[in-house]
Amino acid sequence: MAESRSGISAGRRARSAHPERIPLNDDDLVRNDLIAAEVGTSERTVDRGDKDGAPYTYIGGVKYRPINAYRQFLASRIERRNQAPRRRRRSPPRRHRGRDGTRDALSHG
């Protein structure tokens, strides 16, 4: 293929030539590079979520993500530390009834 002055092969469009957003019924498809910029990470970091089930599709050789579904995916991956268990109050030792039915002796064992 012949190279144009911009350094891009003549048979291929630059990613920036593709639309940034493609509207759908209830969600918008947003280009992967723009989602990475919105999240504040690199595209490679965003792509790491693909193996864990991050939603995406290719249109015209460009990766797009449904923005609302991707935000839900990110929210589902947030981990919370386990809270320390509440400390139980020590209860006083139990008093057991003696053989004669009186409650006068503490049982040890």
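Residues that are outside any helix (DSSP H, G or I) and more than 11 Å from His18 (Cβ to Cβ) within region 28-45 comprise Asp28, Val30, Gly40, Thr41, Ser42, listed in sequence order.
Does region 84-93 contain any residue that is among the aliphatic types (A, V, I, L, M), loosely packed, with under 10 Cβ neighbours inside 10 Å and either assigned to a loop (DSSP other than H, G, I, E, B) or at pLDDT 75 or above (or both)? Yes: one or more hits. Every condition in (1) surrounded by 13 or more Cβ atoms within 10 Å (Cβ to Cβ); (2) part of a helix (DSSP H, G or I) is met by Arg48 except one, and the failing one is (1).
The values are calculated or read from the model by the stated rules, or taken from the named source; none is laboratory data. Quick caveat, the model's predicted, so the values are computed rather than measured. Glycine also receives a Cβ, built like all others from the backbone with ideal geometry; neighbour counts cover every protein chain displayed.
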